[in-house]
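J.: A single structure is presented below for examination.
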Amino acid sequence: MHPVIKIVNLVVVSIFLTQGGWATLLLTAALLLPFYLKNNKLWSPAVKMLYRLKWFFVSILFIYYYYTPFIQDTEIPILLQYLQQLTPGLFRISVLIFILFSVNLFIQTTTKEDILSALLFISSPLKLFNVKTERISLRAVLTLEYIEILSERLRKYKIPQQSHDNKKKKFVFFQLIQYSGIILREILEEADTTSGQAYTIESQPAPELFQYLFPLLLCLFFYLSLSYL
């Protein structure tokens, strides 16, 4: 599938997930599950991202629970009434999880070069307003490259910390922040020394006409799912 169509599909899925209900979530699960069952390697990065966002999900759950009005009903057990207050928060967390799995599927099945060339193709109409789309793409290249460098260096730093005794582990968090600053300074210095490096982004050809049916069908399926809210 053309990377531009993949981006459009991702946008369509994200929009309908934020506007839909449980039926939309079930439809998204039905669309994503075959890809994850076919390729087991997709699960690992998705689960890692979920783990990193665990406290963010917990905060969403507490916020929705706190601001959801309590409606007392004598016909429903009091415990179930309190559990019903968790439903809005659980739904929003589920929406974020499905968006995360959709983004993970897109990233893992599309090369960095295809992503950047697709972004260049999508932003090409901005040239009518004298916007330099090549500069936008170049910044995207540098961002992706140095995010990978930063993540790799932090990962290597955290490995030897696991062998420290309990007293030293108390200071690992603060040491990690300090080390992050050191890495960031090193990356900025490396960026200055490689400022003359040339980057080449190949122009992405237009998608074939029949591929536009994919986002149209997605819109149709999700629109029908909205009627079951």
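The values are calculated or read from the model by the stated rules, or taken from the named source; none is laboratory data. Just so you know, these numbers come straight off a predicted model, no measurement behind them. Reconstructed Cβ throughout: ideal geometry from the backbone, glycine too, with neighbour counts over all protein chains shown.
J.: Between 47, 13, which is in contact with a helix residue (DSSP H, G or I) (Cβ under 7 Å, 6 or more places away or on another chain), within 16 Å of residue 95 (Cα to Cα) and either assigned by TED's automatic domain parsing to the domain that holds residue 95 or assigned to a helix (DSSP H, G or I) (or both)?
T.: Just a single option satisfies the conditions, and that option is 13.
J.: Among the helices (runs of 4 or more DSSP H) lying completely within region 58-153, list those that include at least 1 residues that are crowded, with 16+ Cβ neighbours inside 10 Å, on the phi < 0 side of the Ramachandran plot and modelled with pLDDT of 80 or more.
T.: In region 58-153, 87-108, 112-122 are the helices (runs of 4 or more DSSP H) which contain 1 or more residues that are crowded, with 16+ Cβ neighbours inside 10 Å, on the phi < 0 side of the Ramachandran plot and modelled with pLDDT of 80 or more.
J.: Quick one: would you say residue 40 is surrounded by fewer than 16 Cβ atoms within 10 Å (Cβ to Cβ) and either modelled with pLDDT of 90 or more or closer than 28 Å to residue 221 by Cα (or both)?
T.: Answer is yes for this residue.
J.: Note down all Cβ pairs under 8 Å where the first residue falls in region 1-22 and is among the hydroxyl-bearing types (Ser, Thr, Tyr), the second is at pLDDT below 90 and crowded, with 19+ Cβ neighbours inside 10 Å, and they're at least six residues apart or on different chains.
T.: Note: no pairs meet the criteria.
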